[in-house]
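Some notes on the structure that comes next.
Quick note: the coordinates plus some simple rules give every number you see, no bench work behind them. If you're wondering where the values come from, they're calculated on a predicted model, not measured in any experiment. Cβ placement follows ideal geometry from the backbone for every residue including glycine, while neighbour counts extend to all protein chains displayed.
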Amino acid sequence: MRIEKFEMERMQNLYESEVEFNLSVSGVMPLSPRDLLDGKDEVEQFLSADLFYSESTGSGLLRERIAGLYPGCLPENVTVTNGTSEANYVTLWTLLEADQRLACMLPNYLQAWGIGRAYAAGVDPFHLVLREESGQLRWALDLDELERAVTRQTRVIFVNTPNNPTGAILNRAEMDAVVAAARRVNAWLVVDEVYRGAELEGDISPSFWGMYEKVVVTCGMSKAFALPGLRLGWVVAPVKLIEEVWVRHDYLTLTPGLLSDRLATLALEPTRHAAIRARIRTILQNNLPHFEAWIEPIRDVVRYVRPQAGAIAYFGYHGSIPSALLAERLHRAGSVLVVPGEYFGLERGFRIGYGMNTEKMKAGLARLQQMMANL
């Protein structure tokens with residue numbers, strides 16, 4: 001079996017620590033253990049923990065608190081992984097067969113795309129496309145393409161909402177259409193909801209959990225909890241599938257880290273969770289206007305739609321230079337790192353992270369503007 005190089009992850013790993021301005025980040029300024037530990041007793045208890053193996057599916061309290069994020073979910077429907085990436089990997093490894101196909105929504109974080117091309121007979125894309133609705137542009141699901149992509153050979157439909165890189169959230173009609181397509185061919189529906197909980201406005205966006213008996217939700221602490229260094233994620237699925245995922249997890253990392261399990265449990269305590277969400281929303285609402293002030297003078301040469309969730313914004317540009325080549329020139333000549341649209345299944349465009357320190361972001365955008373003008 002051959003698996004393709006994950007271009008986006010390789011690029012970030014190679015260059016994000018060497019550039020002056022890293023605009024490729026996809027989350028908000030991270031929290032520290034100190035932010036989660038309340039009082040001397042809790043600090044001492046944490047520091048005194050014996051570093052033994054943790055429970056392989058996650059501690060009971062952690063799974064209970066994760067289950068509480070999804071209506072009707074029980075701890076038995078949850079298994080804990082090392083990040084959302086591992087949650088996606090073990091789920092797709094469990095479900096995909098060599099003679100069946102994966103239908104994959106684009107644009108997307110292309111992990112599922114690469115796994116599908118390695119483990120399944122092939123991958124069939126369906127897209128979010130820019131459409132004008134009620135006088136405004138939005139990223140809308142192409143329902144006709146969805147119908148064509150989902151066939152009797154489709155074993156899994158993979159969706160990401162809120163979406164990376166656009167920050168778009170599927171509306172209820174689009175969610176219903178995805179469920180109907182899965183039900184039509186009896187396919188599994190795997191939904192990466194890692195940005196759920198990082199909405200800029202309103203309530204938390206609805207989950208696919210409970211909409212269909214063959215739904216799997218993957219998520220984690222990296223984006224909507226500002227705790228990427230914990231490397232803690234989870235799979236929410238029917239109990240029988242959780243057992244199958246567990247079998248494969250035993251061949252990989254075995255268990256989540258003990259300290260990550262304990263810190264995630266603290267972060268998911270309802271009062272702390274509410275405070276984390278409020279902090280994230282404050283950062284997003286503070287920083288996005290600065291990004292939009294930067295992009296306003298070039299609105300006539302870019303395609304930009306305001307994100308609904310996450311610390312990421314995407315804009316397309318008019319020009320002949322492919323985005324991966326332009327991104328390489330930007331980081332080599334200008335010491336500024338952005339993620340090219342090609343790494344999400346798009347063409348000429350960039351994803352920009354705006355969840356960082358405000359002044360650092362503004363300085364990075366100024367450098368980006370200068371370099372793009374030169375190039």
Heads up, the range 182-271 by the C-alpha gyration tensor (a ≥ b ≥ c square roots of eigenvalues; a/c under 1.5 rounded, else a/b over b/c prolate, else oblate) looks oblate
What order do you get for 242-249, 218-225, 39-46, 63-70 when each peptide is scored by the mean count of other beta carbon atoms within 10 Å, highest first? 218-225, 63-70, 242-249, 39-46
Regarding the range 52-268, what are the three Cα extents along the principal axes, ordered largest first, in Å? 54, 43, 28
Using DSSP to call loops (not H, G, I, E or B), can you name the trypsin sites (Lys or Arg not before Pro) in the range 132-184 whose Cβ has at most 11 other Cβ atoms within 10 angstrom? ARG152
For ALA168, what residues show an amide H to amide H distance below 5 Å, using hydrogens built from the backbone and excluding near sequence neighbours? ASN163, GLN308
When the chain is fully extended, how far beyond the present Cα-Cα distance does SER134 get from GLU213, taking 0.36 nm per residue of separation? 25.0 nm
Give me the percent of DSSP beta bridges within the range 176-310 that run antiparallel, rounded to the nearest 5. 55 percent
Take VAL156, VAL336, VAL302 and order them by how many other Cβ atoms sit within 10 Å, fewest up front. VAL302, VAL336, VAL156
Prolate/oblate/rounded label for the range 144-203 (Cα gyration tensor, a/c 1.5): prolate
Largest-first semi-axes in Å of the equivalent ellipsoid built from the Cα gyration tensor of the range 234-375 are 36, 21, 14
What whole number of Å gives the distance from the Cα centroid of the range 97-173 to the Cα centroid of the range 221-279? 25 Å
Within the chain, helix-based [θ] at 222 nm, where runs of 4 or more DSSP H residues each add -39,500 (n - 2.57), nearest 500: -12000 deg cm²/dmol
How much length would be gained if the chain were fully extended between ASN357 and ARG184, taking 0.36 nm per residue of separation minus their Cα-Cα distance, in nm to one decimal? 57.6 nm
Taking 0.36 nm per residue of sequence separation and subtracting the Cα-Cα distance, how much length would be gained by fully extending the chain between GLU16 and ARG299, in nm to one decimal? 99.1 nm
To the nearest 0.05, how large is the calculated FRET efficiency for HIS318 and ARG279 if R₀ is 35 Å and r is the Cβ-Cβ distance? 0.40
Cβ-based net charge around THR253, under 11 Å, with every Lys or Arg adding one and every Asp or Glu removing one: 0
Which lysines have a Cα lying under 30 Å from the Cα of LYS362, excluding residues fewer than 8 positions away in the same chain? LYS223
By average C-beta atoms within 10 angstrom, highest first, the peptides 20-33, 316-329: 20-33, 316-329
Derived scalar couplings ³J(HN,Hα) [the range 172-189; Karplus, 6.51 cos²θ - 1.76 cosθ + 1.60; whole Hz; x for Gly, Pro]: 5, 4, 5, 4, 4, 5, 5, 4, 4, 5, 5, 5, 4, 10, 6, 8, 6, 10
For a protection proxy built on the mean count of beta-carbon atoms within 10 angstrom, sort 341-352, 49-60, 271-282, 194-205 highest first, please. 341-352, 194-205, 271-282, 49-60
Under 1.5 on a/c is rounded, so check that first for the chain, then, if it is not, pick prolate when a/b is larger than b/c and oblate when it is not; a ≥ b ≥ c are the square roots of the alpha carbon gyration tensor eigenvalues. oblate
Once both label points are put 7 Å beyond Cα along the C-beta direction, the MET1-MET29 separation in nm becomes 4.2 nm
